[in-house]
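Since the structure comes first, as structure tokens, the remarks are kept for the end.
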Amino acid sequence: MKISLFTYSLAGCLTAKKLIGLLPEEEIAPFCARRLEGPETEGFSRIPVDFRTFYGERFGASDALIFVGACGIAVREIAPFVKSKKTDPAVIDIDDSGRFVIPVLSGHIGGANALAKHLAELMDAIPVITTATDINGRFSVDTWATQQGFVIGSMKAAKLISAVILERDIPLATGLPVKGDMPPGVYRFGTGSLCEKTEKMTEDPPHVGIYIGWDNQKPFRDTLVLIPKTVHLGIGCRRGTSCEKIKKAVNAFIFNNGIDRRAVKCAASIDLKKDEEGLLAWSEQEGIPIAFYSAEELSEVQGEFTPSEFVASVTGVDNVCERAALIGAGELVVRKNAADGVTVAAAVEYTEVCFE
């Protein structure tokens, strides 16, 4: 974790040094006020005169900002740079004497609440947590989703869930295996396999709820979708196929098969395509990493596949996209689709919804 640490008094420097000693594994950049002098400041860089630019740079480059001093200082310095709960770093304030640890910003997604509790435990201090779900002992969906590595489909929906869960329990629907007891404020809603349509779960769903899955389902009027990045795409294409054709074929495949685009983790193909310009350009433009495997490696993948004598004669393996999709995944969920010289298949990693 990259931490920027700021302090504004000699007493604060001593508290900051104590904190640094308790976090030997973290990458900490400590700064103090320019006016401070004395042995207490040893090891600290000075906050520059152009402090507005300085704080903006630290805000963008840090996983967490820790202010040792008055909470108002932290609020004033970060105010111009606050943008989004999804991207803002954790911001924590600690008083000069190290008695109180206060998460100021990004308590859930940014991890400020968890970090504040951890620091308070290390320093024998008091964590001052003010987020409603935490102080009421209710399920914090954005914190949990971030810990699980799930994509939060909508921050607006997450905010609604966090408000409603203070008043009543929230239903959670998923076709994924659930491990552990449901947390306070959440109950299991419906049953069904991974691809089962939500109409089969219920005919009269509650208005507000959570759905976890890689497929495009919204079983509630206001659904917070949590998306595990578990989909592997297998792609094959004719030599010289353009990036535009590949993009069009993949997008159509994703849409037609009910896959949430945000669930796509990676793609794969045969090593004969490792210099295919259109495929490489598609990977770069879409931000989806792609790996290439030999015919021998693809042939070793176990399962039932859609064979093609033509593909076998060209590549040495009877099917490229289905086999490629399954490498590193657990289940082939969409078999080969072919369009305009591009073939695409999808597999998913085994994923649990874990509350343990």
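Here, the stretch 2-130 yields an orientationally averaged convex hull projection of 7.0 nm² when only Cα atoms define the hull.
Taking other Cβ atoms within 10 Å as a rough exposure proxy, 187, 8 sort from fewest to most as 187, 8.
The value of relative contact order for the stretch 2-130, using C-alpha pairs under 8 Å at least six residues apart, is 22 percent. By definition, a body whose alpha carbon gyration tensor gives a ≥ b ≥ c is prolate when a/c is 1.5 or more and a/b is larger than b/c, and the stretch 316-356 fits this prolate description. Panel order for 144, 214, by other beta carbons found within 10 Å of each beta carbon, from fewest to most: 144, 214. For the cross-link pairs 85/273; 85/245; 274/336, which exceed 28 Å when the distance is taken from alpha carbon to alpha carbon? In this structure, 85/273; 85/245 exceed 28 Å between Cα atoms. Taking GluC sites (Glu not before Pro) across the stretch 23-100, the ones in a DSSP loop with at most 13 further Cβ atoms lying within 10 angstrom of their Cβ are 25, 37, 42. Taking 53, 133, 343 in turn, the Gaussian network model of the chain (Cα-Cα springs below 10 Å) assigns the largest fluctuation to 53. Considering only beta bridges that DSSP places wholly inside the stretch 2-130, some 15 percent are antiparallel.
Quick one: net charge of residue 251's neighbours, Cβ under 14 Å, K/R +1, D/E -1? Walk me through the numbers before you get to the answer.
Numbers: positive: 245, 247, 248, 261, 262; negative: 244, 260, 286, 340.
With Lys, Arg at +1 and Asp, Glu at -1, the neighbours total +1.
When you restrict to C-alpha pairs under 8 Å that are six or more residues apart and normalise by the size of the stretch 42-108, the relative contact order lands at 29 percent. Given in Å, the Rg to one decimal and the Dmax to the nearest whole number for the Cα atoms of the stretch 58-173 are 14.7, 47. Among the listed options (1) 32, 62, 5; (2) 28, 58, 14, 0; (3) 26, 41, 29, 4, the one matching P(r) over Cα pairs in 20 Å bins from 0, in percent as calculated from these coordinates is (3).
Fewest to most neighbouring Cβ within 10 Å: what's the order for 182, 123?
By the 10 Å Cβ count, ascending: 182, 123.
State the antiparallel share, in %, of DSSP beta bridges confined to the stretch 231-348, rounding to the nearest 5.
Numbers: 13 of 21 bridges.
Counting only bridges with both partners in the stretch 231-348, antiparallel ones make up about 60 percent.
When both bridge partners sit in the chain, DSSP labels roughly 35% of those beta bridges antiparallel. Taken over the Cα atoms of the stretch 89-145, the convex hull encloses 70 Å³ per residue. If one computes the Cα centroid of the stretch 7-42 and of the stretch 94-167, what distance in Å separates the two points? Going from one Cα centre to the other spans 25 Å. Within the listed set 96, 215, 181, the residue fluctuating most in the Gaussian network model of the chain (springs between alpha-carbon atoms under 10 angstrom) is 181. Secondary-structure-derived ellipticity at 222 nm for the chain, considering helices only, amounts to -8500 deg cm²/dmol, per-run term -39500 (n - 2.57) for DSSP H runs with n ≥ 4.
Summary value for the chain: 11 percent relative contact order, contacts being C-alpha pairs under 8 angstrom separated by 6+ residues. Equivalent ellipsoid of the stretch 231-348: semi-axes from √(5λ) of the C-alpha gyration tensor, largest first, are 19, 16, 13 Å. With K and R counted +1 and D and E -1, the other residues having a Cβ less than 9 Å from that of residue 232 yield a net charge of 0.
FYI, it's all coordinate maths here, none of it is from the lab. Just so you know, these numbers come straight off a predicted model, no measurement behind them. Heads up, the Cβs are rebuilt from the backbone with ideal geometry, glycines too, and the neighbour counts pull from every protein chain shown.
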